[in-house]
Amino acid sequence: MTIYTTITSPVGELTLSAVGGRLTGVLFEDNRYPPDREGWRRDDADTALLMARRQLEEYFAGTRTDFDLPISPKGTEFQQRVWAALLEIPFGETRSYGEQARLIGDYKAVRAVGLANGRNPIPVIVPCHRVIGADGSMTGFGGGIERKKWLLAHEARFRSKTLFD
């Protein structure tokens, strides 16, 4: 059974979902690909959801640069490879879709990488916002371009603080 809770964040209300103690989703209010929530049960005291809430709050406060959570995103084998590669992008850095395609061993899969990023069910934690166009442009993001810009600016602001502290 999927359980969920909601949190307020600088990028709007987020719905966190989990199954069996593993985070399965971070959903924006206007998520482009919302899951079917039939049968979901609210649980604001679940350990996995409380841990995700705490780590996201720390991230938004600028005191956390990486996440240490058990996650279980649902997707195809290809999507899983793309999402695993996203976890390798350091806080405050970006990669192009082409670089991501090369990292998963298929340099021709640039468009497929973009589509997989768009279907990422655990954004922010699995940082698909860190992937940009080869020319540095802000291209697609399931949470919207304005959120993507905010997340990248947030990380840039706090990355420079941690580099010089």
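The values are calculated or read from the model by the stated rules, or taken from the named source; none is laboratory data. Everything numeric in this text was worked out from a predicted model, so none of it was measured. Positions of Cβ are backbone-derived with ideal geometry, glycine not excepted, and every protein chain shown enters the neighbour counts. Protein only, heavy atoms only, side chains kept; ligands, DNA and RNA dropped before computing areas. Shrake-Rupley method; radii C 1.70, N 1.55, O 1.52, S 1.80 Å.
Working out 0.36 nm times the residue gap between E88 and R111, then minus their Cα-Cα distance, what length gain in nm do you get to one decimal? Can you show the working numbers first?
Details: separation 23, 0.36 × 23 = 8.28 nm, distance 1.95 nm.
That pair, E88 and R111, stretches by 6.3 nm at full extension.
Filter the trypsin sites (Lys or Arg not before Pro) in segment 75-164 down to the DSSP loop ones having no more than 10 other Cβ atoms within 10 Å, then list what survives. Those that pass, being in a loop and sparsely packed, are K108. Converting phi to 3J(HN,Hα) with the Karplus coefficients 6.51, -1.76 and 1.60 and the offset θ = phi - 60°, segment 122-136 yields 10, x, 6, 6, 9, x, 5, 5, 7, 9, 10, x, 4, 8, x Hz in sequence order, with x at every glycine or proline.
Shape analysis of segment 36-104 based on the Cα gyration tensor places the equivalent ellipsoid semi-axes at 26, 20, 9 Å, largest first.
Roughly how many Å² is the accessible area per residue of segment 93-165, as a whole number, for a 1.4 Å probe?
Numbers: 3720 Å² over 73 residues.
Accessible area per residue: 51 Å².
In a reduced charge model with +1 at each Lys and Arg Cβ and -1 at each Asp and Glu Cβ, segment 28-165 shows a dipole moment near 300 debye about its Cα centre. Taking 1.567 mPa s as the viscosity and 4 °C as the temperature, the Stokes-Einstein diffusion coefficient of the chain based on its alpha-carbon Kirkwood radius rounds to 80 µm²/s. Taking 0.36 nm per residue of separation and subtracting the current Cα-Cα distance, fully stretching the chain between D36 and Q80 would add 13.8 nm.
Less than 5 angstrom separates the built amide H of R95 from those of V131, I132, all sequence-distant by 5 or more or on a different chain. Maximal additional length on extending the D44-K149 stretch stands at 34.8 nm, based on 0.36 nm per residue less the C-alpha distance.
Size descriptors for segment 5-75, from the alpha-carbon set: Rg then Dmax equal 11.9, 35 Å.
Straight-line reach from K108: taking Cα to Cα under 13 Å and skipping same-chain neighbours fewer than 8 places apart, the aspartates and glutamates in range are E99.
Each other residue within a Cβ distance under 11 Å of G142 adds +1 if Lys or Arg and -1 if Asp or Glu, for a net charge of +3. Relative to the globular-protein estimate of 2.2 N^0.38 Å, the Cα radius of gyration of segment 73-165 stands at 1.04.
Note on segment 1-126: with neighbouring protein chains present and a 1.4 Å probe, carbon and sulfur make up 47 percent of its accessible heavy-atom surface.
Inter-part distance, segment 76-123 to segment 7-42, computed on C-alpha centroids, equals 21 Å.
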